[in-house]
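Note sheet for the following structure.
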Amino acid sequence: MTKWTVDELVQEIISKTEKLHGKSMKDASNNDVYYVISAIVNEETKTNWRQTDEKYNEKKPKQVYYLSMEFLIGRLLESNLLNSGMWKICNEALMELGYDPVEVYKEERDPGLGNGGLGRLAACFLDSMASLQYPGHGYGIRYRYGMFEQRFINGYQTELPDYWLKDPYPWETRRATETVLIKFGGDVHTITRNDGSLEFKFENTDNVLAVPYDVPIVGYENEVVNTLRLWSAEPASSTAPLNTDEESLYYRHLEHNRSIEQISGILYPDDSSEEGKQLRIKQQYFLVAASLNKIIADYKTSNRRSLIHLPKKVVIQINDTHPSLAIPELMRILMDEEGFGWDNAWEITTKVFAYTNHTILSEALEKWPIGMIKSLLPRLYMIINEINERFCQGIWFDYPELREKIPGMAVIADGQIHMARLAIVGSFSVNGVAKLHTEILKTQEMKDFYTLYPKRFNNKTNGITHRRWLLMANPRLSSLITETIGTRWIDRPRELTQLIRYAKDRPLLEKLGHIKQQNKQELARHIHKATGITVDDQSIFDVQIKRLHEYKRQLLNIFHIIYLYNELKGNPQLDITPRTFIFGAKAAPGYYFAKEVIKLINTVASIVNHDASLKGKLKVVFLENYNVTLAEKIIPAADLSEQISTAGKEASGTGNMKMMMNGALTIGTLDGANVEIKNLVGDPNIFIFGLRSEEVFNYYRNGEYVANEVYQNDERISQILHQLRDGEFGHQDVEFKDIYYHILSTNDPYFILKDFDCYVETQQLVDQAYRSQDKWLSKSLINIAHSGKFSSDRTIQEYATGIWKIKKQ
């Protein structure tokens with residue numbers, strides 16, 4: 001617990017404002033106060049940070065290192081205040097000084113360190129590791145620019161630079177003395193030593209400095225502070241060539257330095273070009289090479305034992321395929337720098353790495369051209385090639401029944417290096433992130449590998465940190481829960497199940513409904529301020545917030561909205577419960593179809609929202625620049641959670657868990673973690689529709705689905721597609737014809753038309769259910785009660801005991 005009282009914190013804020021800014025409180029801006037509060041929290045944190053490091057150095061426990069290209073950590077001031085036990089006291093202190101805490105906290109920018117669920121999961125995991133007192137740290141890249149800042153211009157997504165580091169970031173500490181030299185390209189020469197062993201020498205390499213910035217990860221009220229280390233790319237030499245008359249040489253030097261800085265310049269550069277692919281490979285190697293250098297240096301300092309014992313003290317979790325180059329890089333270090341032979345190095349490596357798979361979409365399983373890896377990372381290519389040769393030979397000789405499967409399992413095949421295969425071959429654990437996802441990996445997508453390594457595969461269903469997504473994002477609901485069942489749920493979120501006994505408690509349900517209404521009113525005010533759209537806070541808040549992708553089926557959602565619009569235009573007296581559809585999503589800059597869907601949603605919104613004949617029964621809102629902070633506003637206000645991906649395509653989802661935890665009911669397919677949510681809450685408390693995953697895969701195999709038949713036979717679908725084709729929702733006749741032709745010419749690969757009828761029918765059940773508020777709120781409470789299962793604390797406990805074999809400190 002915090003040592004501060006409100007009065008003490010007020011005095012400290014006054015003193016610090018004078019010291020840091022030379023201002024009295026009457027002249028201090030919200031931004032000034034934000035930096036003052038951050039400085040106070042940092043002082044608290046740094047003592048615990050140092051003591052945590054000292055404890056790990058003294059006890060020498062096995063530690064986990066989480067390698068990820070993304071850490072979508074969100075704003076940290078409120079989170080750090082909460083975990084330090086200072087949040088409520090700080091709010092009171094700010095109000096006493098005449099400041100609105102919300103306005104002060106808004107001064108912090110969202111760090112541009114992630115894009116979607118992958119990065120948010122990584123952030124939740126770090127929070128849970130620290131809060132559960134596990135020795136675990138994150139390693140990522142300190143991107144100067146986030147993916148992009150999204151703006152809508154005439155309904156189209158426009159990408160602006162997200163320069164989140166424009167102002168000083170108070171949570172990072174630069175550790176220049178721990179800078180690492182990273183080498184790209186060049187020539188590798190093989191030298192045979194006198195004892196017959198080989199030595200590899202590099203020449204003409206392109207050198208880059210990896211400069212670390214450390215961010216504290218504060219555990220919840222336990223004085224544990226772990227570390228998120230972010231690497232920034234800087235030129236190895238900042239000195240331009242002198243004493244030369246060649247002006248072009250000087251500019252080439254500047255251009256070269258800029259290209260180096262681009263390695264940590266932007267999250268997920270467009271890889272549709274050769275230059276983009278090269279930059280992504282450089283980013284991935286930069287991350288793993290710098291991180292392994294630090295991990296091994298720390299091991300040597302702390303343990304002073306041979307690296308043969310490394311697996312007893314170190315486990316490295318690869319978050320998706322992006323950090324897979326860590327496997328050959330550790331082999332390089334062990335063989336070239338530490339003198340191990342292949343067999344010993346491979347034994348160490350395959351006991352250190354564990355791999356989390358996040359997708360079954362074949363296009364998302366990374367593959368890099370052989371020539372590109374050979375050029376950028378010549379020594380690593382040699383090692384990957386040897387890994388592949390030994391792996392394929394092992395199958396040929398030891399598993400003759402799998403010989404014909406080798407082309408589909410080889411790490412190097414068809415001129416490509418397959419990163420997921422490299423991760424599987426080089427790891428001791430391969431986990432999926434939901435039960436259904438893991439079963440699909442084992443029985444379909446990675447069936448041959450599962451046959452080869454059955455003990456390697458396991459499931460760890462994703463989770464979310466309830467501290468940020470309930471305790472911080474929804475303080476009213478958190479207070480009601482505490483009043484009802486006490487505080488134990490904060491440390492043990494599975495205790496939320498105690499709420500089940502109150503599912504028929506009318507006074508409690510009324511309080512729950514009142515809290516939801518207050519949250520909806522707050523979101524309605526934000527919507528009006530951000531967009532100018534007035535929404536009915538008594539309407540159903542129907543929410544779909546996730547990355548824009550065809551398989552996530554935002555298109556199915558907008559087709560349903562168009563259907564409702566058509567119904568109301570045909571019958572203005574139609575009895576439907578008023579509904580506000582809320583979207584939040586970014587489309588990748590090069591993803592044309594996804595950007596067309598954004599334009600369609602915004603176009604439909606502009607028509608629906610200004611049609612007085614609808615009498616306010618429908619509103620459509622697309623909030624731009626969706627990020628963690630916006631999610632924290634939307635999720636507590638959601639009534640209905642749209643989780644409508646094509647069955648078998650979504651690995652897990654975590655937005656479904658966040659909205660469930662805040663009392664939203666789910667409408668969804670039996671996909672990802674929806675299956676586990678359904679099994680917990682029961683059929684009456686969730687709205688399930690659509691094809692099952694096995695039906696989807698059967699259609700893919702037998703080719704019996706014909707989208708054109710649905711188009712011809714369902715008048716509702718025909719009308720919607722004709723409206724797109726004929727320009728009814730566009731200022732130009734051709735505006736949405738691409739969507740029309742795409743669905744029919746590709747045979748509707750994500751089964752939007754096939755699931756449409758069932759989706760509409762299930763939405764009608766939602767409409768009817770919402771009319772009985774007592775029953776709806778009872779369902780809502782049951783969802784909240786079961787959401788503790790999806791705390792990332794549970795997930796991390798499973799990783800710690802089942803994969804990492806680490807202990808609390």
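The values are calculated or read from the model by the stated rules, or taken from the named source; none is laboratory data. It should be emphasised that the depicted structure is a prediction, and the values quoted were computed from it without experimental measurement. So basically every Cβ, Gly included, is an ideal-geometry build from the backbone, and we count neighbours across all protein chains shown. What goes into the accessible areas is simple: the full protein's heavy atoms, side chains included, and nothing from ligands, DNA or RNA. Shrake-Rupley method; radii C 1.70, N 1.55, O 1.52, S 1.80 Å.
Panel note: the C-alpha atoms of the range 1-147, placed on their principal axes, show extents of 48, 39, 24 Å (largest first).
Tally Lys and Arg at +1 and Asp and Glu at -1 over the other residues with C-beta under 10 Å from the C-beta of F428: what net charge comes out?
+3
Here the range 1-51 is treated with +1 on each Lys and Arg Cβ and -1 on each Asp and Glu Cβ, and its dipole about the Cα centre works out to around 160 debye. If R0 is taken as 51 Å, the Cβ-Cβ distance between K374 and N698 corresponds to a FRET efficiency of 0.80. Roughly what % of Cα-Cα distances in the range 624-715 sit above 17 Å, to the whole percent? That tail contains 57 percent of the Cα-Cα pairs. Per the Kirkwood formula applied to alpha carbons, the range 93-229 shows a radius of gyration over Rh ratio, Rg over Rh, of 1.13.
Kindly work out what percent of the DSSP beta bridges joining two residues of the chain are antiparallel, to the nearest 5. For the chain, the DSSP antiparallel bridge percentage is about 45. Take the Kirkwood radius over Cα pairs of the range 202-353, plug it into Stokes-Einstein at 25 °C and 0.890 mPa s, and you get 136 µm²/s for translational diffusion. By a 1.4 Å probe calculation restricted to protein chains, K62 has an accessible surface near 40 Å², given to the nearest 10.
Three semi-axes describe the equivalent ellipsoid of the range 682-799; taken as square roots of 5 times the Cα gyration tensor eigenvalues and ordered largest first, they are 35, 21, 16 Å. Multiplying each eigenvalue of the alpha-carbon gyration tensor of the range 85-173 by 5 and taking the square root yields semi-axes of 27, 23, 13 Å, largest first, rounded to whole angstroms.
Give me the 1.4 Å probe accessible area per residue for the range 268-426, excluding ligands and nucleic acids, in Å².
On the way: 5990 Å² over 159 residues.
Result: 38 Å² per residue.
Starting with the highest mean, order 284-293, 657-666, 691-700 by the number of other Cβ atoms within 10 Å, averaged over the residues of each peptide.
657-666, 284-293, 691-700
What shape does the range 337-423 take by its C-alpha gyration tensor, where a ≥ b ≥ c are the square roots of the eigenvalues and a/c under 1.5 counts as rounded, a/b above b/c as prolate, and the rest as oblate? Here the range 337-423 falls in the rounded category.
Here the label points at I191 and R175, each 7 Å from Cα along the C-beta direction, are separated by 3.2 nm in the simple model. Where a ≥ b ≥ c are the square roots of the eigenvalues of the C-alpha gyration tensor, would you call the range 84-133 rounded, which needs a/c under 1.5, or, failing that, prolate if a/b is larger than b/c, or oblate? Judged from the Cα gyration tensor, the range 84-133 comes out oblate (a/c at least 1.5, b/c at or above a/b).
You can think of it this way: the chain between K19 and A530 has 180.4 nm of extra reach, that is 0.36 nm per residue less the Cα-Cα gap. Peptides 524-537, 472-485 ranked from most to least packed by the mean count of surrounding Cβ atoms within 10 Å: 472-485, 524-537.
For the range 16-152, the solvent-accessible area works out to 34 Å² per residue, with a probe of 1.4 Å and every protein chain left in place. A dipole drawn for the range 701-746 from +1 and -1 charges on Cβ atoms has a positive end, and of N702, I743, Q712 the residue lying farthest that way is N702.
Counting only protein heavy atoms and a 1.4 Å probe, tell me what percentage of the range 249-399's accessible area is made up of carbon and sulfur.
49 percent
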